[in-house]
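Peer 1: Right, I'll just put the structure down here and ask away after.
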Ligand SMILES: [Zn+2]
């Protein structure tokens with residue numbers, strides 16, 4: 001019996017296979033602007049929550065920077081605040 005060419009393989013988890021690189025390291029960004037909404041949106045969900053570094057691939061150093069900047073943007077009502 002030969003295996004079907006188009007047979008689906010089940011993936012064990014929904015994590016991305018490729019290990020993502022840190023966006024900020026790749027672009028050599030050492031600072032994030034809280035006004036830079038387009039960049040910040042890469043790191044938050046549609047609900048305004050900060051994505052876990054596993055999903056974005058952000059290194060821990062930059063993840064802290066992202067978290068700080070997102071919180072600052074929230075305070076200034078640039079990004080939505082997740083409620084309740
Ligand atoms: Zn980084």
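The values are calculated or read from the model by the stated rules, or taken from the named source; none is laboratory data. Please read these numbers as outputs of a predicted model, since none were measured by experiment. Ideal geometry is used to build each Cβ from the backbone, glycine not excepted, and the neighbour counts take in all protein chains shown.
Peer 1: Can you list residue pairs whose Cβ atoms sit under 7 Å apart, with the first residue in the stretch 58-84 being outside any loop (DSSP other than H, G, I, E, B) and the second being more than 16 Å from the ligand (Cβ to nearest atom)? Count only pairs 6 or more apart in sequence or on different chains.
Peer 2: As it stands, the answer is 69/34; 70/44; 70/79; 72/34; 73/34; 73/79; 74/81, since those pairs meet every condition given.
Peer 1: Among all residue pairs at least 6 apart or on different chains, which show Cβ distances below 7 Å where the first residue, located in the stretch 33-46, is closer than 14 Å to residue 68 by Cβ and the second is surrounded by fewer than 12 Cβ atoms within 10 Å (Cβ to Cβ)?
Peer 2: Pairs that qualify, where the first residue is closer than 14 Å to residue 68 by Cβ and the partner is surrounded by fewer than 12 Cβ atoms within 10 Å (Cβ to Cβ), are 34/76.
Peer 1: Please pick out the residue among 83, 64 that is modelled with pLDDT of 95 or more and out of contact with any strand residue (DSSP E or B) (no Cβ under 8 Å at 6 or more places or on another chain).
Peer 2: It is 64.
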